[in-house]
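Undergrad: Questions regarding the structure given below will be posed in turn.
The values are calculated or read from the model by the stated rules, or taken from the named source; none is laboratory data. The structure displayed is predicted, hence computed values, not measured ones. Note that each Cβ is placed from the backbone with ideal geometry, even for glycine, and that neighbours are counted across all protein chains shown.
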Ligand code: FUL
């Protein structure tokens, strides 16, 4: 981590909880005091690892694949699960080739059917004809991930429409048992994804989920795994469209309840089920911070399916999102300080469909072409109140430019290597320091004056902005407002082909 002279005072400010990804605000703290505290909240190691993945995938697969449904009833016969050519290596290879760094399998969806031979229920692959009842999809996918060196996670639906225990306290034990099987028998697990749905079980009852107990099991068995959505590490962005918020803060206020819920995990951080409405448009503005009692690093995940549905349906083969649409989603998810979780549902053969594989490859081509050359590379950078200018162009998001003294604004000029034509701006903050930038503007030098090409609010881990192609030999980036000394870890200018 780079600590530039003049800013160490701020960088060393400690959170009052003693835990980096959480700070308790003492009553009576002024707004400027709260903002300053927010600027020093940083991600836990597992959150940082997760954020840097940028691209993750979902595999929705199970009885619904064979019944052509989105939500099963829980009464499906195990015999219907019978993929003919299941090849998890193909799933993982197609994702890996597309630059996806981690995949999450629906080990159990709302229908309760388990894709692994759980000892705790008969409703699983072990009673299906697939591989004579000896198959284990969780094993095949986790092995493929480990062999191909990408992350592996499990989706385990709390809502279970099959279990007779659902709606009773014994269900929480059942759930702990399932989690224990998944987290003990398949090597490293990088993410556990809990959906928020809490419907009725077969006896018409709803369940009170013992989230905190479940989190304890995960922290104990897989301490590096992120717990997503109905969990403390990763927040749902609030839409399944793939388009995140324009202003996306990773540090947000949560309820006072947290004060008592500081976990003792191996990587200290907080454990809490999400509280309040996390889907509203403003989660982290100064106004939202004004009444904060606890601030926590709680970044956004943007989930969307490559098809209209989450599960495979033959009739949707012509509706697969193409490379250009996926690129637009990329700009509005990863490019808006989120991690993209793209669902690619395997078909009844147990393969990713050709159309989906092609779309993934087309999308990767577009990204490779776009990001091949940073047109700002080699620029002469000047700024009157900052240090670390070269670090914005070094391709390393862990080193950064920052302002000297107590300045929270700055104007940075880039004299490019000759005239360049570009239409995409990339900015990254060094989130190891926190998220700070509140407003920025990019101007280009045209006919003797500065013209605004792009402007925005938050940056965070990554911000991408598109604008009309422009040709110039000089640009300037103004940081107009920031919670504390801003950092720029990377600055890029690119041209869409
Ligand atoms: C939702 C579920 O109900 C959908 O079936 C899907 O799994 C999606 C990712 O989460 O809440």
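Undergrad: Here's a check for you: in the range 44-65, which residue that is closer than 20 Å to residue 138 by Cα and assigned to a helix (DSSP H, G or I) is nearest to the ligand (Cβ to nearest atom)? It would help to see each step written out before you state the result.
TA: Here is the first cut: in the range 44-65, the ones closer than 20 Å to residue 138 by Cα are 56-65.
From what is left, the residues that are assigned to a helix (DSSP H, G or I) are 63-65.
Values: 63: 13, 64: 8, 65: 12 Å.
It comes out as 64.
Undergrad: For the range 209-218, state whether one or more residues are modelled with pLDDT under 95 and not in a helix (DSSP H, G or I).
TA: Yes.
Undergrad: What residue, among those in the range 307-319 that are within 26 Å of residue 235 (Cα to Cα) and surrounded by 14 or more Cβ atoms within 10 Å (Cβ to Cβ), is nearest to the ligand (Cβ to nearest atom)? Please lay out each step first, then the result.
TA: First pass over the range 307-319, keeping only residues within 26 Å of residue 235 (Cα to Cα): 307-312.
Checking the rest, the ones that are also surrounded by 14 or more Cβ atoms within 10 Å (Cβ to Cβ) come to 307, 309-312.
Details: 307: 12, 309: 9, 310: 4, 311: 8, 312: 13 Å.
Looking at residues that are within 26 Å of residue 235 (Cα to Cα) and surrounded by 14 or more Cβ atoms within 10 Å (Cβ to Cβ), I get 310.
Undergrad: How many residues does the range 330-355 hold that are surrounded by fewer than 23 Cβ atoms within 10 Å (Cβ to Cβ) and farther than 29 Å from residue 429 by Cα?
TA: The qualifying residues number 8.
Undergrad: Take the range 207-235 and flag every residue that is surrounded by fewer than 13 Cβ atoms within 10 Å (Cβ to Cβ) and either within 23 Å of residue 121 (Cα to Cα) or within 19 Å of the chain's Cα centre (by Cα) (or both). Even if it seems obvious, please write down each step before you answer.
TA: Taking the range 207-235 first, the residues surrounded by fewer than 13 Cβ atoms within 10 Å (Cβ to Cβ) are 208, 220, 223.
If the condition is that a residue be surrounded by fewer than 13 Cβ atoms within 10 Å (Cβ to Cβ) and either within 23 Å of residue 121 (Cα to Cα) or within 19 Å of the chain's Cα centre (by Cα) (or both), then 208, 223 are the ones that fit.
Undergrad: Consider residue 160 carefully, then state whether it is touching a helix residue (DSSP H, G or I) at 6+ places or on another chain (Cβ under 9 Å), assigned by TED's automatic domain parsing to the domain that holds residue 339 and within 16 Å of the ligand (Cβ to nearest atom). It would help to see each step written out before you state the result.
TA: Values: touching a helix residue (DSSP H, G or I) at 6+ places or on another chain (Cβ under 9 Å): yes; assigned by TED's automatic domain parsing to the domain that holds residue 339: yes; within 16 Å of the ligand (Cβ to nearest atom): yes.
Answer is yes for this residue.
Undergrad: A further question follows. Name the residues in the range 108-150 that are within 16 Å of the ligand (Cβ to nearest atom) and either part of a loop (DSSP other than H, G, I, E, B) or farther than 30 Å from residue 52 by Cβ (or both), would you?
TA: Matches in the range 108-150: 109, 110, 111, 112, 113, 114, 115.
Undergrad: Evaluate the following for residue 191: is it under 21 Å from residue 110 (Cβ atoms), modelled with pLDDT under 95 and in the same structural domain as residue 340 (by TED's automatic domain parsing)? Steps first, please.
TA: Details: under 21 Å from residue 110 (Cβ atoms): yes; modelled with pLDDT under 95: no; in the same structural domain as residue 340 (by TED's automatic domain parsing): yes.
In short, no.
Undergrad: Go through the residues of the range 182-197 one by one and say whether even a single one is assigned to a helix (DSSP H, G or I), more than 16 Å from the ligand (Cβ to nearest atom) and surrounded by 15 or more Cβ atoms within 10 Å (Cβ to Cβ). Show your work before the answer.
TA: Within the range 182-197, the subset assigned to a helix (DSSP H, G or I) is 182-184.
Subsequent filtering for residues that are more than 16 Å from the ligand (Cβ to nearest atom) retains 182-184.
Now drop any that are not surrounded by 15 or more Cβ atoms within 10 Å (Cβ to Cβ), which leaves 182-183.
Yes; the residues of the range 182-197 include at least one that is assigned to a helix (DSSP H, G or I), more than 16 Å from the ligand (Cβ to nearest atom) and surrounded by 15 or more Cβ atoms within 10 Å (Cβ to Cβ).
Undergrad: To continue, here is another question. Return yes when residue 386 is crowded, with 20+ Cβ neighbours inside 10 Å and over 23 Å from the mean Cα position of the chain (by Cα) and no when it is not. I'd like the intermediate steps shown before the answer.
TA: Numbers: crowded, with 20+ Cβ neighbours inside 10 Å: yes; over 23 Å from the mean Cα position of the chain (by Cα): yes.
Yes, satisfied.
Undergrad: Among the residues of the range 264-306, which ones are within 30 Å of residue 59 (Cβ to Cβ), modelled with pLDDT of 90 or more and either out of contact with any strand residue (DSSP E or B) (no Cβ under 8 Å at 6 or more places or on another chain) or away from the ligand (no atom under 16 Å from the Cβ) (or both)?
TA: Scanning the range 264-306 gives 296, 297, 298, 299.
Undergrad: Need the failing condition index for residue 156 against (1) touching a residue at least 12 places away in the same chain (Cβ under 8 Å); (2) farther than 20 Å from residue 63 by Cβ, just the number.
TA: Single failed check for residue 156: (2).
Undergrad: Answer with yes or no whether residue 41 is touching a strand residue (DSSP E or B) at 6+ places or on another chain (Cβ under 6 Å), at negative phi, away from the ligand (no atom under 15 Å from the Cβ) and in contact (Cβ under 8 Å) with a residue 12 or more places away in the chain. Explain how you work it out, then say what you get.
TA: Numbers: touching a strand residue (DSSP E or B) at 6+ places or on another chain (Cβ under 6 Å): yes; at negative phi: yes; away from the ligand (no atom under 15 Å from the Cβ): yes; in contact (Cβ under 8 Å) with a residue 12 or more places away in the chain: yes.
Taking the combined requirement at face value, the residue satisfies it.
Undergrad: Yes or no: residue 255 modelled with pLDDT under 85, more than 30 Å from residue 455 (Cα to Cα) and crowded, with 17+ Cβ neighbours inside 10 Å?
TA: Here the answer is no, as residue 255 does not meet what is asked.
Undergrad: Okay, next question. Of everything in the range 66-99 that's out of contact with any helix residue (DSSP H, G or I) (no Cβ under 6 Å at 6 or more places or on another chain), within 16 Å of the ligand (Cβ to nearest atom) and not in a helix (DSSP H, G or I), which residue is nearest to residue 197 (Cα to Cα)?
TA: 71
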